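All remarks here apply to the structure that follows.
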Amino acid sequence: MSKQFNDIIEAMNHNDLPPYPYAYPPRSTHRSPLNPLSEFEIWKEEDKFTNDIINLYLHFPFCAYRCGFCNLYTVANKNIELQDRYIKALCKQLESYDGIIQKRELKTIFLGGGTPMLISKENFLKIIDTLNTVVPDWRNTVEEFCIEASPDSIVAASKTGMLDTLISNGIDRINLGIQSFQKNDIAEMGRGYGNDVNIQAIEILKEYGVANISTDLIAGFNGQTKEMWLHSVEQLTKLAPQTISIYCVRIRPDSQFGRSGKYNNSYDFYYDWYEEAREIMLNAGYIQETNVRFKIPKKGGYIQQYYQFICKPILGVGAGARSYTSVADYIVGGSAKPNVHEIEEYMDKVEAGAPLLRSLYALDDEERARRKLVLNLYEFNERQFQDEFGSRFNWIYKEKFAFLMNEGLLDRAGDVYFLTKQGIKYRDIISWSFFSERVRELDKEFYSELVAVK
């Protein structure tokens, strides 16, 4: 048995670090459908799988600047007229989904990007007005309303009254991309401000009483040492945001770092750095929720991702937004190469009432089973899995689970399997081992093509 799964142990021994699987299948597997579908047809089929709740993701694809590590669907563009037209299109698209949303209970809203903190007060209120029209009862059902922000955008918003507008209209989680407290790292990212802005942003959010200040740190910038990384971790824990997520810098060919040639893809350092960062946060009173996320008990967390991990659907609105259903994961109005022309094309199509679906990955029963395995290894309820799939897919996980338990990476209590401390550390390697061959092939093809045209 051990020989059959040696790839897992070899990956651990080589300190491999696959991308963090927050969804399955990954974006890289999406392709244009041979037979054009509409998102409405997908959601009609979704009724056969889930019809109880829904989550919303609203995408704002504009930033003041583009960070060196970023490969998300965003462009550096501060044109106000373009943003005004974009929000109008986003609201119209959201209104067109009223039939999809109203038959379910809305649980979370995530306004992501990009840097949606750059939205004007007037445009944010247009989104709220649209929500009030489409989901009149949303304030009574939504458990989390999140917006993404950069530290400098928080400082600016505190001076314009925008933070008051956000919080009075339901924003209770602000995802703040700190990334580092080291001035060299901040400059390396391409951000034109100092460490004092990071501190100021968190202090401002604390003064405003934001329920969940959710922060990110990234390890592995050029020139960064372990001591520098741990100093950032220590400084952030002293500021005591409710949630801290830690990542290793990912070098993608479609990012500035990837194009620069200054970075390699060696992550030998990270697991050692992770261990020490983990101890700092646990000693500061945080508990570990996932391999990347730590939270203050009963205060922090990430509710939309919780629903995503238990395979509840997310409806994406806006150019480049992803939707997650049991039928297909799909993208509307955007490709892997964001640009203003493509965003304008999205707006034209919304205004004309034209189909928006750009690419997708259709899920069959096997891929649905794999998705539950990939995302739910923190706590995997075998009885629930068997209730849904029977024994058809035991071949995917039964022997591998026995191997993982023998290696001390997985444990069991009744019907529930769960990752051990060591298993959480290597969660991404273990999760990737459950990816189908088709998904692996498409992922490899996607990034090979990006490298070829770099």
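Side notes on the structure shown:
- Largest accessible area first, the listed residues H14, H30 line up as H14, H30 when surface is computed with a 1.4 Å probe on the assembled protein chains.
- The alpha-carbon atoms of segment 286-383 define a convex hull whose volume equals 144 cubic angstrom per residue.
- Residues with amide H under 5 Å from that of Q179, placed H, sequence gap 5 or more: D216, L217, I218
- Intensity falloff of segment 58-215 expressed as log10 I(q)/I(0), Debye formula with alpha-carbon point scatterers, at q = 0.14, 0.17, 0.20 Å⁻¹: -0.72, -1.03, -1.36
- Ordered from largest to smallest accessible area (heavy atoms of protein chains, 1.4 Å probe), the residues S158, S28 come out as S158, S28.
- Mean shadow area of segment 229-278, taken as a quarter of the surface of its Cα convex hull (nm²): 4.4 nm²
- Accessible surface calculations at 1.4 Å, restricted to protein heavy atoms, place the chain at 42 Å² per residue.
- Using just its DSSP H runs of length 4 or more, each adding -39500 (n - 2.57), the chain gives a mean residue ellipticity at 222 nm of -13000 deg cm²/dmol after division by all residues.
- Over segment 343-454: Rg over Rh, Cα atoms, Kirkwood Rh: 1.13
- Sorted largest first, the spans of the alpha carbon positions of segment 123-261 along the three principal axes are 50, 34, 26 Å.
- Pairwise Cα separations in segment 185-310 fall into 10 Å bins from 0 onward with the following percentages, short to long: 11, 39, 36, 13, 0.
- With distances taken between every two different alpha-carbon atoms, segment 1-140 has a Kirkwood hydrodynamic radius of 18.5 Å.
- For segment 264-269, putting each phi into the Karplus relation 6.51 cos²θ - 1.76 cosθ + 1.60 with θ = phi - 60° gives couplings of 10, 9, 8, 10, 4, 6 Hz, in residue order, rounded to whole numbers and with x for Gly and Pro.
- Bins of 10 Å from zero: percent of alpha-carbon pairs in segment 263-327: 17, 30, 29, 24, 0
- Mean separation of Cα contacts under 8 Å, 6 or more apart, over the residue count of the chain: relative contact order %: 21 percent
- Relative pair counts by distance (%), Cα atoms of segment 102-157, 10 Å bins: 22, 48, 26, 5
- Portion, in percent, of the accessible area of segment 31-188 that falls on carbon or sulfur, probe 1.4 Å: 51 percent
- In angstrom, the C-alpha Rg and Dmax of segment 115-188 are 14.4, 47.
- Lys/Arg +1, Asp/Glu -1 at C-beta; the chain dipole; positive extreme among G334, T225, L375: T225
- Percent of Cα pairs exceeding the 18 Å cut-off, where the set is segment 32-81: 59 percent
- Both radii come from the Cα set of the chain: Rg as radius of gyration, Rh as Kirkwood radius; their ratio Rg/Rh reads 0.94.
- Interchain or long-range residues, amide H under 5 Å from F110's placed H: L56, Y57, L58, C146
- Rg over Rh [alpha-carbon atoms, Kirkwood Rh] for segment 50-128: 1.02
- Karplus-based coupling profile of segment 373-382, in residue order and whole Hz: 5, 4, 8, 10, 6, 4, 8, 10, 8, 5, with θ = phi - 60° in 6.51 cos²θ - 1.76 cosθ + 1.60 and x standing for Gly or Pro.
- Solvent-accessible area of C248, all protein chains in place: 10 Å² (probe radius 1.4 Å, heavy atoms, ligands and nucleic acids excluded).
The values are calculated or read from the model by the stated rules, or taken from the named source; none is laboratory data. What you see is a predicted model; the values in this text were computed from it and never measured. In this analysis, Cβ positions are derived from the backbone assuming ideal geometry, glycine residues included, and neighbour counts consider all displayed protein chains. To get the accessible areas, we keep the full protein, side chains included, count just its heavy atoms, and leave off ligands, DNA and RNA. Shrake-Rupley method; radii C 1.70, N 1.55, O 1.52, S 1.80 Å.
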